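The values are calculated or read from the model by the stated rules, or taken from the named source; none is laboratory data. Just so you know, these numbers come straight off a predicted model, no measurement behind them. All Cβ positions, even for glycine, are placed from backbone atoms using ideal geometry, and neighbour counts span all protein chains on display.
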Amino acid sequence: MPPISARTVNHVVVVGGGSAGWLTAAIIAAEHGAGLRVTLLESPDVAPVGVGEGTWPSMRDTLSRIGVSESAFFRACDVSFKQGSRFNGWVDGSDNDYYFHPFVLPQGYGEVNLAAGWQRQHADIPFADLVSFQPHLCMHGKAPKQATTPEFAAVANYGYHLDAGKFGVFLREHCTGRLGVHHVLAHVDGINAHDNGDIASLQTRQHGALAGDLFVDCTGSQSLLLGKHYGVGLLSQRHVLFNDSALAVQIPYPAANTPIASQTISTAQDSGWIWDIGLPTRRGIGHVYSSAHTSDEQAELALRAYIARSGGPADIATPRKLSFQPGYRERFWHRNCVAIGQSAGFIEPLEASALAMVELAAAMLADGMPATRAGMEVAAARFNDAFTYRWERVIDFLKLHYVLSKRRDTAYWRDNCEPAALPARLRDLLTVWREQPPSRYDLYRIEEVFPSASYQYVLYGMGFVADYGNAMRHADRAERAAGYFREAATLTGRMLAALPSNRELLEHIQRHGMHTI
Ligand SMILES: Cc1cc2nc3c(=O)[nH]c(=O)nc-3n(C[C@H](O)[C@H](O)[C@H](O)COP(=O)(O)OP(=O)(O)OC[C@H]3O[C@@H](n4cnc5c(N)ncnc54)[C@H](O)[C@@H]3O)c2cc1C
């Protein structure tokens, strides 16, 4: 037997058949083909969580990378387009309080200080509505592309809203049918270790021991390998982001031609917020809240009131209750075990970042797959550094939505503004951003989770008070910004005239599919 360090990595075993498991298996198998054996093992007794319905535009690259047809994906997974998020009631809770975080960058982004131009010339218009055409597409229910736009291409950048249960089945069929992933239905109830502490095999109830070289823990909140077996702890973030509970429900549209929203609508509540996602055949709605600030009963009443107010039926099914511990692991790759998905961490789905983090992790693992056990130490250190940084940035970005709110009407909103609940790095950045807008100098890694433009959208959407007048540079002259504002307005007019409605395009895709190139 060669020493363990010299062993080649021939067999990757992914444990867990939720979105994280299947996406990871697909990305590794598509990258390595027949050169690497990939097995996905899932318990027949533990169902996947199956509630993640919003993705980022990165999912287009991921699906294209693993070789699926976008038309087949739309048809199989009840998919609609997502062009960003609309936040209602977050600034002060009044009736006309809204802002957009669209996926398209502002016109002229990085060329000129748009925020300074906006402050000087158009402070009466919401920032995103002035600098980008995409909020207007959302407000008019427009699709982000035309019937003739090829698969995965966009007129306006987009991600997806989808049925998470159907997505799991779709990925499974693609993985096992096209990518050569071996699928084993078995419940893991023990772990067999090598002398050095590496995992040698998984002991299963149905099929005995299953050996492998690298094990990917996608067992969801159980974190069976990394958390339970290796005892790698969860760094709780409850002191920063309080939400730890959700009630989710699906409701029908009132009529066959009801418009389908092409953005996630997130409406602030007394002790949390409600997501509202439009799929082609139904809406998925959920209340995310802090159990320290409200009861399940109160949360359900707020959910029902929202549904009634937003045109839903008076009679709804009993909402499904989900609980989670906001936090992420002390590290994610330990020995020959890597955690991806909820086993690595979970924070409230305010910006739908969970699947995007899965995509990033699976891509980093697939691209940097060590050839031997000896290569794992360095790969693990790099992976742990990258994902600790990314989790911290997700937390900063989500907290930004809360800390700038002017709401003080409930303990939840007051507690959210306590200095002790503000991460130090975000506090420092807010000081910088009073004098200059967020830029690539604040977020300097190659693959940042959220680009500086996203920070600008949320910052100015939330009514952040900054004064860029004193720092006005020659390059920031207002007329330069004004040119880009005109450009955004011209594009808005053109696109509103040329793009079909979201529902029209979705129905067209069901009947005819999208163009392929
Ligand atoms: C309320 C809510 C809303 C969300 N909204 C979004 C969103 O809009 N966008 C987004 O990106 N994400 C969202 N998420 C997150 C997203 O749903 C999950 O992060 C994602 O589905 C990944 O889950 P997972 O695959 O890690 O875990 P799971 O889906 O829990 O899968 C765990 C798998 O492990 C297997 N398993 C467990 N124990 C064993 C065992 N002993 N032996 C063998 N197999 C085992 C199970 O069978 C299962 O297949 C949301 C989450 C919640 C709670």
Kindly indicate which of V216, V232 is in a loop (DSSP other than H, G, I, E, B) and in contact with a helix residue (DSSP H, G or I) (Cβ under 8 Å, 6 or more places away or on another chain).
V232
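Quickly run through region 216-228 and pick out the residues that are away from the ligand (no atom under 11 Å from the Cβ) and in contact with a Cys (Cβ under 8 Å, 6 or more places away or on another chain).
Hit for region 216-228 is L226, nothing else.
Could you tell me whether V46 is over 16 Å from the mean Cα position of the chain (by Cα), in contact (Cβ under 8 Å) with a residue 12 or more places away in the chain and surrounded by 19 or more Cβ atoms within 10 Å (Cβ to Cβ)?
no
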Here the qualifying pairs (Cβ atoms under 8 Å; residues six or more apart or on different chains; first in region 19-31 and in contact (Cβ under 8 Å) with a residue 12 or more places away in the chain and basic (K, R); second within 8 Å of the ligand (Cβ to nearest atom) and assigned to a helix (DSSP H, G or I)) come out as none
When you scan region 366-386, do you find a residue that is of a type outside the set (G, A, S) and within 15 Å of the ligand (Cβ to nearest atom), even just one?
no
Note on region 396-437: residues exposed (fewer than 13 other Cβ atoms within 10 Å of the Cβ), in contact (Cβ under 8 Å) with a residue 12 or more places away in the chain and within 20 Å of I347 (Cα to Cα) are A420
Residue check: is D195 of a type outside the set (F, W, Y) and away from the ligand (no atom under 16 Å from the Cβ)?
yes
Tell me the residue from V338, V240 that is more than 16 Å from the ligand (Cβ to nearest atom), surrounded by 20 or more Cβ atoms within 10 Å (Cβ to Cβ) and either at negative phi or in a loop (DSSP other than H, G, I, E, B) (or both), please.
V240
Anything in region 5-49 that is away from the ligand (no atom under 16 Å from the Cβ) and either more than 20 Å from S201 (Cβ to Cβ) or of a type in the set (A, V, I, L, M, F, W, C) (or both)? List them, or say none.
A6, V9, A29, A30, E31, H32, G33, A34, G35, L36
Check whether at least one residue in region 204-217 is crowded, with 16+ Cβ neighbours inside 10 Å, among the basic types (K, R) and in contact with a strand residue (DSSP E or B) (Cβ under 8 Å, 6 or more places away or on another chain), and report yes or no.
no
Every listed condition ((1) more than 30 Å from A424 (Cα to Cα); (2) touching a helix residue (DSSP H, G or I) at 6+ places or on another chain (Cβ under 6 Å); (3) crowded, with 22+ Cβ neighbours inside 10 Å) holds for S223 save (1)
For region 169-182, name all the residues that are within 15 Å of the ligand (Cβ to nearest atom) and either loosely packed, with under 15 Cβ neighbours inside 10 Å or of a type in the set (D, E) (or both).
V169
Any idea how many residues of region 250-284 are away from the ligand (no atom under 13 Å from the Cβ), in contact with a Gly (Cβ under 7 Å, 6 or more places away or on another chain) and in a loop (DSSP other than H, G, I, E, B)?
5
Can you name every residue in region 183-197 that is touching a helix residue (DSSP H, G or I) at 6+ places or on another chain (Cβ under 7 Å) and either among the β-branched types (V, I, T) or buried (at least 22 other Cβ atoms within 10 Å of the Cβ) (or both)?
V188, I191
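Results for (1) surrounded by 15 or more Cβ atoms within 10 Å (Cβ to Cβ); (2) within 28 Å of the chain's Cα centre (by Cα), shown as yes or no for each residue.
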{"site": "A116", "(1), (2)": "yes, no"}
{"site": "D124", "(1), (2)": "no, no"}
{"site": "V131", "(1), (2)": "yes, yes"}
{"site": "T149", "(1), (2)": "yes, yes"}
{"site": "Y158", "(1), (2)": "yes, yes"}
{"site": "A164", "(1), (2)": "yes, yes"}
{"site": "F167", "(1), (2)": "yes, yes"}
{"site": "I199", "(1), (2)": "yes, no"}
Take L247 and tell me if it is over 27 Å from Q325 (Cα atoms) and within 14 Å of the ligand (Cβ to nearest atom).
no
Would you pick out the residues in region 60-93 that are touching a helix residue (DSSP H, G or I) at 6+ places or on another chain (Cβ under 7 Å) and either within 15 Å of the ligand (Cβ to nearest atom) or assigned by TED's automatic domain parsing to the domain that holds S19 (or both)?
T62, L63, C77, D78, V79, S80, F81, Q83, G84, R86, F87
Under 8 Å by Cβ, and 6 or more places apart or on different chains, what pairs join a residue from region 227-239 that is touching a residue at least 12 places away in the same chain (Cβ under 8 Å) with one that is surrounded by 14 or more Cβ atoms within 10 Å (Cβ to Cβ) and aromatic (F, W, Y)?
L234/Y328; L235/Y328; Q237/Y328
